[in-house]
Structures are given as structure tokens and as C-alpha cells.
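Remarks on the structure that follows.
The values are calculated or read from the model by the stated rules, or taken from the named source; none is laboratory data. From a predicted model like this one, the values you see are computed outputs, not experimental measurements. Neighbour counts are summed over all protein chains in view; Cβ atoms, including those assigned to glycine, are modelled from backbone coordinates with ideal geometry. Ligands, DNA and RNA are stripped out before the accessible areas are found, and what is left, the full protein with its side chains, is counted by its heavy atoms. Shrake-Rupley method; radii C 1.70, N 1.55, O 1.52, S 1.80 Å.
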Amino acid sequence: MFSKSALFRALLVFCSLLLLIGGAAAQDAITLQFFYPVGVAAGPSHRRLCG
Amino acid sequence: MADFNATHDHIQVEPVFTGGYSENMARATAAILSGQPPDVAILLGIDIYSLIQTEGIIPLDDYIASEEGLDIDDFFDAFMANNIADDQVWSIPWQRSTPILYYNKDAFAEVGLDPDTPPATWEELVEFGKQLVVQDGDNVTRWGVEVPSSFWLFANFAIQAGQHIGSLGDEPCAVYLDTPEAIEALAFLRRLQDEGIMPDGAVAWGTAPADFIAGASAMIYHSTGSLSTLLANSPFEVGTGFMPGGSAGYGANVGGGNFYIMADIGQERQDAAWEFIRWMVRPEQIGQWGIDSGYVAPRAAAWEVDPLKSYAEEVPQASTAREQLPYAVKEFPATFGGQEIQVITTQAIEAVNTGELTPEEALAIAQERANDVLTQNGCEL
């Protein structure tokens, strides 16, 4: 029903769309910068002055 | 955090480890002032006024009240005390704590004390401490008690003597270091040394748990955040109790870290930060962190579900700090320049611990220096 080249072109368009959607999703993902204190699980070696 | 990232394609959290709490605050402040703030941070409750002063954080009331909100009444009152200013909620409790008394049950039994009954008053602390000291000639091989030279621990003694040395209300310009109650508290700490129960000189924060594990101190005051470490490493049975009461009874000030969302990062990032916080403080999640760390899970719902519910039944020491919360108040000092005032207070304690100054002298100097910090931050005293 379809020629090989037509199938190939359809596959190419499909893959391009997938890449586009994936790229858009990647661009939409937010990366939050989270400042977190080290050594907060207090113990003999932890550095801070209080709990 | 890895679980959050694995289950949230649209939000990824990149942790930036910054040092201890004071370094974390310094770095966050520098980032805010340079116009490149982080999105979310865990900072102390006492940092609230400094962060508001720099316009670095946002109030969270709208998020709390939204459809994607949070039952803020589920969080223990003592752990919310530092998180509210100008009738607005500015942070969500995460890893919270109070100091508690840790004691060596084996040592108690060895000297004829009841291993299930820790000292309940200052006088009992002295009495028990004397019995627990072990000497080899002039050399003390086991101290009765160690209280690290820390503003955070001293604040509890002052509360137990009847005076919170910081403000209990929304008063970022109030510090009460030279009151009779504060002097009584510092004099009691000196007395522990004069009675030969506690080592002379300043006691470092990290020294006390190390000495406790090594059997070189029978009792220590320390954060409940040290519980997991002490239980895992002590070659004896570890008991926990409330900090003994003074002339005004039991008393504690809280501590620990809270989630703040930064200003000037845009609505979309703030929304994402809120989603992250809501996920982190789910009862199961925050309960697991309490087990792993020893910190007090700061919301009631966490104690009513597993894993914390079962853990608290198996490890009764885990509940001591939570049970002490009815006697707990705001973390000291909750003022402008709070971290500077903490350092000033610790220096006063060290001066008394080392015998350089009397409690009256040390606290008079500390009050004067604290007033200078407050004045420099715009307070009219």
C-alpha cells in the first residue's frame, strides 16, 4: 500500500516529532537549586554549634 | 531527594551542600544579595528576621491555604514558633530538635542508681553526677556530666531558671542575657565544674558525644539529632530523659532546620519549590528522616503512621524530645543578627567555663555586645 520511501519519510517525521516533544519536555523541566547544610545529622563529628 | 527526582520529570532538585547551618546561611545571604539566590534552602528558624530584612524569602500562607496546600496545624506549636513573623508563615519545619539528656544506663546501675530514672532536677543532676564520677588518683576517668559550651544549651538552663534569653514573641530586637535568671543559669553551669562533676574549661560541641560513647562521661546534654549516632555507637544501654528542671521547672528551646522559598526566582520556580517541600514533609517521608537522623519529626501525623509509629514503639528514646515539647519555646535568639548574638553568647559561656570571668561579668559584656548588634541592624534600644 505504501512505498518504502513513503514509509521511511513517515518514520523520519515520527522520530523527529518524538525528538521535538522530548526536547520540549526537557526544556520544561525545572532544576531547583537547593541549599542544604552538611552534617546536620548530628554526631560526634558534626560541626555546628547547635541542634 | 533521589526519589523525588525519579518521580518528578518536570522538577529536578539539585542539592548544593554548603557546610553547617551558619555557612549555609552565609552562602544563602551572599547569593541573595548578589541577585542569584537558590530556589529553596534549609536554614535555621532564627534566620527568619535576617532573611526578611534582605527581602530574600517569601511568605508561604497562600501556598498553605491553596488546593495544593498543607495542614499547618499538624505541625507542633513549638516547631512553628520561629517560623511566623508579622502573622505570616515563612518556613516549613523539617529536621527539628530540642536538646535532651543522654545517660549511660550501665553506669547508673554500676553506682546503684535506678537506670530507668534520670535526674529530674538540677539538684538531682549534681547528686547523681557526684556518684557517677570515677577517679584514678587525681585523674578523672569518667565525668558525671558534660554540657557543651553552647548558646543553645545555655538557653535551656535560663528557661529552666525562669527567663527565656531571647524573645518569646515577635520581637526581633529583644535579648535578655544579663537578667538574674540568666546569671543563675550560667552560675549553675560553673557549679557543675566547681563540684568536680564536669571537666574544667570549655566543652566543645563534638567532644561530649565522643566522650559519652567512650564511657568518659556518664551523662551529656545534646541534640536529639545525635540520637541515632549515640544509639548505634555506644557499647552500653543509652537512656534519654528531659533536661532536668531548674527553679522554674522543665524548659527547652527548639532548634533545627526549616524549608524556605526564595524571593526573586519567579512564580514558576516558587511553585516547583513548594511542590518539592510538600513532598518532603509527607508524614511517611518526614518520619523516615526522623528515624534515619534522630531529629524529631515535626508533625503529629508522622507519628501516627509507619515507619515512625513502629519505630517509636521499638525505640522509646526516640519519643523523649517530642514528649518534652510542651515545655519547649522558641529557638534562641530569633532576632536581627541572630547568628552573631549566638556567637557572642557562646563566648560568654566559654569565659565562665574557663574561669576568666564571673557569670555576672560575662553576661553583662554579652548583653552590651548583643545590643550593639541589634542597634547595627536598625533596632532602637
Using alpha carbon centers only, segment B:126-160 is separated from segment B:20-39 by a whole-angstrom value of 37 Å
Hey, could you grab the Kirkwood Rh for the protein assembly as shown? Inverse mean 1/r over distinct alpha carbon pairs, Å, one decimal. 23.0 Å
Can you give me the distance in nm between label points at B:Asp116 and B:Ser310, each placed 7 Å from the Cα along the Cα-to-Cβ direction? 2.6 nm
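Can you pull the mean other chain C-beta count within 10 Å for peptide B:11-23? Before the final figure, lay out each step's value.
On the way: counts 5, 4, 6, 4, 6, 4, 6, 4, 6, 9, 9, 5, 6.
Taking all residues of B:11-23 together, the mean is 6.
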When you take every Cα atom in segment B:50-136, what is the radius of gyration, and what is Dmax, the widest Cα pair distance, in Å? 22.0, 66
Longest principal axis of chain B (C-alpha) makes with the long axis of helix B:151-160 (C-alpha) an angle, in degrees to the nearest 10, of 70 degrees
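Counting each pair of different Cα atoms once, what's the Kirkwood radius of segment B:228-287 in Å, rounded to one decimal?
On the way: mean 1/r = 0.0624 Å⁻¹.
Result for segment B:228-287, one decimal place: 16.0 Å.
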Need the full-extension length gain, B:Ala109 to B:Asn5, defined as separation in residues times 0.36 nm minus the C-alpha distance. One decimal, nm. 32.5 nm
Does anyone have the angle between helix B:180-194 and the longest principal axis of chain B? Alpha-carbon axes, 0 to 90°, nearest 10? 50 degrees
Sum of -39500 (n - 2.57) over DSSP H runs of 4+, divided by residues of the protein assembly as shown (222 nm, nearest 500): -13000 deg cm²/dmol
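Taking N as the number of residues in chain B, what is its Cα Rg relative to 2.2 N^0.38 Å?
Numbers: Rg = 21.1 Å, N = 381, 2.2 N^0.38 = 21.0 Å.
Ratio of Cα Rg to 2.2 N^0.38 Å: 1.00.
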Pairs of alpha carbons in segment B:151-198 whose separation is greater than 14 Å (percent): 50 percent
Give, as ranges by residue number, the residues of segment B:72-93 whose backbone N falls under 13 Å from the point 7 Å along Cα→Cβ of B:Asp61. B:84-91
Provide the packing ranking of B:154-163, B:321-330, B:69-78, B:195-204, i.e. peptides ordered by the mean count of other C-beta atoms within 10 Å per residue, highest first. B:154-163, B:321-330, B:195-204, B:69-78
Interface size between chain A and chain B, please: total buried accessible area, 1.4 Å probe, rounded to the nearest 100 Å². 3200 Å²
Whole Å is fine, so just give me how far the alpha carbon centre of segment B:75-110 lies from that of segment B:335-359. 22 Å
Take the Cα coordinates of segment B:288-381, assign each an equal point scatterer, and use the Debye formula without solvent to give log10 I(q)/I(0) at q = 0.13, 0.16, 0.21 Å⁻¹. -0.68, -0.78, -0.93
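As an exercise, find the ratio Rg/Rh for segment B:109-219 from alpha-carbon atoms, using the Kirkwood inverse-distance average for Rh. Let's see the in-between values first.
On the way: Rg = 15.5 Å, Rh = 15.2 Å.
Using Cα coordinates only, the ratio equals 1.03.
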Compute the angle between helix B:283-293 and the longest alpha-carbon principal axis of chain B, please, reported from 0 to 90 degrees and rounded to the nearest 10. 40 degrees
Please figure out what share of the DSSP beta bridges in chain B is antiparallel and state it in percent, rounded to the nearest 5. 85 percent
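Considering only the protein assembly as shown, what is the antiparallel percent among its DSSP beta bridges, to the nearest 5?
Values: 29 of 43 bridges.
Just about 65 percent of them are antiparallel.
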Accessible surface of B:Ser228 - all protein chains present, 1.4 Å probe, nearest 10 Å²: 30 Å²
What percent of all Cα-Cα pairs in segment B:46-94 falls into each 10 Å bin, going from 0 up to the bin containing the maximum distance? 25, 56, 19, 0
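Please state the charge dipole magnitude for chain B, taken about the Cα centre, from unit charges on C-beta atoms (+1 on K and R, -1 on D and E), reported in debye and rounded to the nearest 20. Working shown, then result.
Details: 15 positive and 57 negative charges, 111 e Å.
Computed charge dipole of chain B: roughly 540 debye.
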Average other protein chain Cβ within 10 Å of Cβ, residues B:36-43: 4
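Which whole-number percentage describes the relative contact order of chain B, with Cα contacts under 8 Å and a sequence gap of 6 or more? Don't skip to the end; give the middle numbers.
Numbers: 710 pairs, mean separation 103.1, N = 381.
Answer for chain B is 27 percent.
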Magnitude of the charge dipole, segment B:85-177, Cβ model with Lys/Arg +1 and Asp/Glu -1, debye to 20: 140 debye
Over the heavy atoms of B:His164, what accessible area does a 1.4 Å probe trace out, to the nearest 10 Å²? 20 Å²
Segment B:3-92 - charge dipole about Cα centre, Lys and Arg +1 at Cβ, Asp and Glu -1, debye rounded to 20: 580 debye
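Once you average over the residues of B:142-151, how many Cβ atoms of partner chains fall within 10 Å of each Cβ? Intermediate results must be reported in sequence, preceding the final value.
Working: counts 0, 0, 0, 0, 0, 0, 2, 1, 4, 2.
Per residue, the number of nearby Cβ atoms from other chains is 1 on average.
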